[in-house]
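Single-structure report; data block below.
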Amino acid sequence: MNRTLIFILLILSINSYAQDEKSNEILQQLSTNTKAYKNIDVDFDFKFENTTQGISENQKGNIKINSNKFRLELNQQIIISDDTTQWKYLKESNELQIMEYDSLDDMISPNKLFTIYEEGYKNSYVELKNEGDITLHIIDLFPIESNAFQKIQLQINSEKIQLHNIILFDKNGGSFTYLITTFSVDNNLDDNLFKFNSEEYPEIEIIDLR
């Protein structure tokens, strides 16, 4: 599993521990809004940077979520779950891995997108910032217990109370930025999106791990 997938899955499952009253109110509203959506369809730009190591990587992604079902597409892989089975397709090798899936056991599952609440991080309201024609609430999260991140910054659209940008700072000087470019909700998503059709991929190698 490459670093992009690891961190996108982690970021989509971040829980926060409310200590700052203002940020707690915003995060609670964000959670309420998100749970009211029938489904979510998000495009994002991913960037990993580590200036001391001279690393800069960019790629685009999309995630569609309908209840406990999800479809995550990145440059080199596709991950799909219908809440019973998970398919992971590696484009470069034309390989498909199939495994059983239980969303209740998977705390870093993409279907937990934007459920930023309850426990795991302290939070602090930083500022209200203008970025072009968007006004953003800036909230920093700090881990209660030591983990891979020193800090996570959430940038939330103040008008819509939707996530706009998320930045993770690791302990090695790296930053992982996920800029949401389109945020669409309550679409008519075909249920076939949440199943993998291997017939669309000639000569695919299938590894069934169930």
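Residue count for the range 161-206 satisfying the condition of being of a type in the set (Asp, Glu) and more than 21 Å from residue 40 (Cα to Cα): 5. When 8, 14, 65 are checked against the criterion of being among the β-branched types (Val, Ile, Thr), open to solvent by less than 30 Å² (accessible area, probe 1.4 Å) and at pLDDT 60 or above, a single residue qualifies: 65.
Of all residues in the range 116-147, those satisfying the criterion of being open to solvent by 50 Å² or more (accessible area, probe 1.4 Å) and touching a residue at least 60 places away in the same chain (Cβ under 8 Å) are 117, 118, 119, 122, 144.
Of all residues in the range 76-94, those being more than 18 Å from residue 203 (Cβ to Cβ) and small (Gly, Ala, Ser) number 1.
So is residue 150 polar (S, T, N, Q) and either at pLDDT 90 or above or in contact with a Leu (Cβ under 8 Å, 6 or more places away or on another chain) (or both) or not? It is false that residue 150 is polar (S, T, N, Q) and either at pLDDT 90 or above or in contact with a Leu (Cβ under 8 Å, 6 or more places away or on another chain) (or both). Of all residues in the range 159-206, those satisfying the criterion of being acidic (Asp, Glu) and either surrounded by 13 or more Cβ atoms within 10 Å (Cβ to Cβ) or more than 19 Å from residue 26 (Cβ to Cβ) (or both) are 170, 186, 190, 191, 199, 200, 203, 205.
Of all residues in the range 28-64, those being closer than 25 Å to residue 190 by Cα and hydrophobic (A, V, I, L, M, F, W, C) number 5. Among residues of the range 176-202 being aliphatic (A, V, I, L, M) and in a strand (DSSP E or B), the one that is farthest from residue 82 (Cα to Cα) is 179.
The values are calculated or read from the model by the stated rules, or taken from the named source; none is laboratory data. Every value quoted in this text rests on a predicted model; they were computed, and no experiment measured them. Cβ atoms come from the backbone with ideal geometry, glycine included; neighbour counts cover every protein chain shown. Accessible surface is based on the protein model in full, side chains and every heavy atom, while ligands, DNA and RNA are left aside. Shrake-Rupley method; radii C 1.70, N 1.55, O 1.52, S 1.80 Å.
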